[in-house]
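The structure appears below as structure tokens.
The values are calculated or read from the model by the stated rules, or taken from the named source; none is laboratory data. Remember, it's a predicted structure, so these values are computed and weren't measured experimentally. Don't worry about glycine lacking a Cβ; one is built from the backbone with ideal geometry, like all the others, and counts go over all protein chains shown.
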Amino acid sequence: MNEFQTESFVSLKPYDLVKVNRGAYVGSLEARASDPIPPAYIFEGPGTLITTAGQYSLVRWHLIPAPDVWLATAQLEAYSED
């Protein structure tokens, strides 16, 4: 199992509601290539997982008008309202 094959990678599928796992995202290649301070909405969710390609997933956010974004699937977790 490589670094991207996590439990979330196996269990998430298109149209699932997701959010970004802060611990997995902070310090990652994706975080370093983005704004220095990530927007709070990515950690709060929900976003819809649109599709996956290899180790990445396309996420569409619900609460604000934001572009769809590709993130490492290993950085995503299922969204719950709890």
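Applying a threshold of 8 Å to beta carbon distances and a minimum spacing of six or more residues, or different chains, the list of pairs starting in region 27-55 at a residue that is in contact (Cβ under 8 Å) with a residue 12 or more places away in the chain and ending at one that is assigned to a helix (DSSP H, G or I) and of a type in the set (A, V, I, L, M) reads Pro38/Ala31; Gln55/Ala74. The condition (being at pLDDT below 95 and touching a Lys or Arg at 6+ places or on another chain (Cβ under 6 Å)) is satisfied by just one residue among Gly54, Gly27, Gly45: Gly45. Taking (1) in a helix (DSSP H, G or I); (2) at pLDDT 95 or above; (3) hydroxyl-bearing (Ser, Thr, Tyr) in turn, Ser8 satisfies each apart from (2).
For region 31-66, filtering for residues that are touching a strand residue (DSSP E or B) at 6+ places or on another chain (Cβ under 8 Å), among the β-branched types (Val, Ile, Thr) and farther than 14 Å from Val20 by Cβ leaves 3.
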